[in-house]
1. Okay, which of the stretch 29-64 sit inside 13 Å, backbone N to the point 7 Å along the Cα-Cβ direction of HIS94?
2. Measuring from label point to label point, each 7 Å out along Cα→Cβ, what is the ILE47 to ILE33 span in nm?
3. Assuming R0 = 30 Å, what is the FRET efficiency of ASP63 and GLU85, from their Cβ-Cβ distance, to the nearest 0.05?
4. Would you mind computing, in nm to one decimal, how far apart the modelled labels at ALA108 and ASN78 are, each placed 7 Å from Cα along Cα→Cβ?
5. Give, in whole angstrom and from largest to smallest, the semi-axes √(5λ) of the equivalent ellipsoid of the stretch 78-125, with λ running over the eigenvalues of the Cα gyration tensor.
Amino acid sequence: MKTQGKYYSVDSGLRECRLASSSSDIGHILENIVYLELLRRGYKVNIGKLAEKEVDFVAENADGITYYQVSASVLDENTRRRELEPLQKIPDHHPKLLLTLDEIPRSANFDGIRQIHVVDWLLSQ
């Protein structure tokens, strides 16, 4: 796995002004929120690249590594497959989380990859 550069904004309003777009991309905004929260929690955060697949965040602290994928929704089977595939290809046993806005049962699990509502995750610590 290797890392690549991405940029996240502290102020999403500035991002919106800079992009001058009339449509809001909730997925990117959600990813930005998760990135800032990981930093606030004291993680060293990188973007992961595994072959042609991307892991949104590889977060590391004194307790170890956790992998994160962030998506507004994975109710569509193709989207779910696309988001889970990079995590499934990681050959270690560190925790892997899929954060979404989907209303899901608390026990949502895809072969060890836990899906969590992003608001529950934000309020968890």
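Readers should treat all values here as calculations from the given coordinates under stated rules, not as data from a laboratory. Quantities reported herein were computed from a predicted structural model and do not represent experimental measurements. Here Cβ is always computed from backbone atoms with ideal geometry, including for glycine, and neighbour counts include all displayed protein chains.
1. 43-50, 55-64
2. My value for the distance between the label points is 2.1 nm.
3. Efficiency at R0 = 30 Å is approximately 0.70.
4. A separation of 2.0 nm, rounded to one decimal place.
5. Rounded to whole Å, the semi-axes are 19, 13, 9.
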